[in-house]
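Below is one structure, written out as structure tokens; comments come after it.
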Amino acid sequence: MVVNEAISRTLFEESTKGISGRILEIRGWKVWVNSYPILEVSFVAEGRQELRIKMICDDWNDLPPSVELLSSDGTKLTSLTGVVAAGTQFHAGPHPVKGGPFICMVGTREYHTHGSHLSDLWENYRNNERYRLDSILTQIWNAWKKAKP
Amino acid sequence: MSNKSDASSGADSAHGPKSPKPNHLLVEVATTAGIWPSDGPEEVPNHQKVKVVLTKAADSLQLRDTSNWIASVDGLEINPELNYVDQTLAGHIVIDYGPREGGGGRE
């Protein structure tokens, strides 16, 4: 089903409007793009390589965001080495559909389209506050903080 | 744990940041739904459990479900069931509040 773009855009904007101002300074977030359908934010911390997260939110929220892992200059990561430790949420890959390293966590398209989790439907989560776009991004950030290389 | 103290002890608003009265501290809660309180930090007793301000923030910011959320100060997770003194928190603190990372898949 193709979600109505106007509805998708409205839901996107409602879910991302708080990603601005002081919270960015507090968390060490740098916003590159916050305009439907893209939310692109870097995580910055002392002693860590910057990790840039690109959430592609077409068909939000019928579909979860597709999450790309980028270097600070915006190029796709081909490896997690030196950036983040592969483990529970960060997967070295390759993703069977998209290829490359990916985030394997409920709320990402890469999780719900992976053969191991096809039965764990996004439909069961999409209306939960924990799976708003800002909340998914926060979850990824919390995972990143713990996954020091 | 963080122990942030304002340098300007006893300063008034015209000359510098406010300092908390004895046995109190200044607290803000930061989320992607907003910062609580919106008009500056709340002065709270330092023996109050952290969860009191988290509940106030959640109500004010209309956060319906904060189960499995984590609270942290300066990057270190704190325990909402404990008070500020027990966690060596003082002065002016900003509590970052948001959902804990979900479990990863097993491929």
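Quick notes on this structure:
- Answer residue from segment A:93-117, given it is over 13 Å from residue B:102 (Cβ atoms) and β-branched (Val, Ile, Thr) and is surrounded by the fewest Cβ atoms within 10 Å (Cβ to Cβ) among those: A:97
- Test: residue in segment B:9-30 that is within 17 Å of residue B:93 (Cβ to Cβ), of a type in the set (Ser, Thr, Tyr) and either in contact with a helix residue (DSSP H, G or I) (Cβ under 8 Å, 6 or more places away or on another chain) or modelled with pLDDT of 95 or more (or both): no
- Hey, residue A:82 farther than 21 Å from residue B:97 by Cβ, part of a loop (DSSP other than H, G, I, E, B) and either in contact with a strand residue (DSSP E or B) (Cβ under 8 Å, 6 or more places away or on another chain) or more than 12 Å from chain B (Cβ to nearest Cβ) (or both) or not: yes
- Leading residue by the ranking (farthest from the other protein chains (Cβ to nearest Cβ)) among those in segment A:3-37 that are in contact with a strand residue (DSSP E or B) (Cβ under 7 Å, 6 or more places away or on another chain), surrounded by 13 or more Cβ atoms within 10 Å (Cβ to Cβ) and charged (D, E, K, R): A:30
- Residue within segment A:122-130 that is in contact with a strand residue (DSSP E or B) (Cβ under 6 Å, 6 or more places away or on another chain) and either free of Cβ contacts under 8 Å to residues at least 24 places away in the same chain or within 13 Å of another protein chain (Cβ to nearest Cβ) (or both) present: yes
- Residues satisfying the stated conditions in segment A:98-114, i.e. within 8 Å of chain B (Cβ to nearest Cβ) and part of a loop (DSSP other than H, G, I, E, B): A:104, A:106, A:107, A:114
- Within segment A:132-149, residues that are more than 7 Å from chain B (Cβ to nearest Cβ) and closer than 21 Å to residue A:11 by Cα reach partners that are small (Gly, Ala, Ser) and part of a helix (DSSP H, G or I) with beta carbons closer than 6 Å, at six or more positions or on different chains, in the pairs A:132/A:15; A:133/A:15.
- Residue that is nearest to the other protein chains (Cβ to nearest Cβ) [pool: residues in segment B:78-107 that are farther than 25 Å from residue A:108 by Cα and part of a strand (DSSP E or B)]: B:94
- Top-ranked residue in segment A:118-139 [being in a loop (DSSP other than H, G, I, E, B) and surrounded by 17 or more Cβ atoms within 10 Å (Cβ to Cβ); ranked as farthest from the chain's Cα centre (by Cα)]: A:125
- Scope segment A:81-110; condition modelled with pLDDT of 95 or more and either hydroxyl-bearing (Ser, Thr, Tyr) or farther than 22 Å from residue A:131 by Cα (or both); matching residues: A:108
- Summed over segment A:8-48, the residues that are part of a helix (DSSP H, G or I) and either of a type in the set (Phe, Trp, Tyr) or more than 21 Å from residue A:108 (Cβ to Cβ) (or both) give a count of 7.
- In segment B:49-62, the residues that are assigned to a loop (DSSP other than H, G, I, E, B) reach residues that are loosely packed, with under 15 Cβ neighbours inside 10 Å with C-beta atoms within less than 9 angstrom, at least six apart or across chains, in these pairs: B:50/B:79; B:50/B:81; B:50/B:82.
- Residue match in segment A:94-104 (condition: of a type outside the set (Lys, Arg), in contact with an Asp or Glu (Cβ under 8 Å, 6 or more places away or on another chain) and closer than 22 Å to residue A:31 by Cα): yes
- Counting the residues of segment A:45-54 that are without any contact (Cβ under 8 Å) to a residue 24 or more places away in the chain and buried (at least 16 other Cβ atoms within 10 Å of the Cβ) gives 2.
The values are calculated or read from the model by the stated rules, or taken from the named source; none is laboratory data. Because the structure is predicted, anything quoted here is derived from the model rather than measured. When we count neighbours, we look across all protein chains shown, and the Cβ atoms used for this are built from the backbone with ideal geometry, even at glycine.
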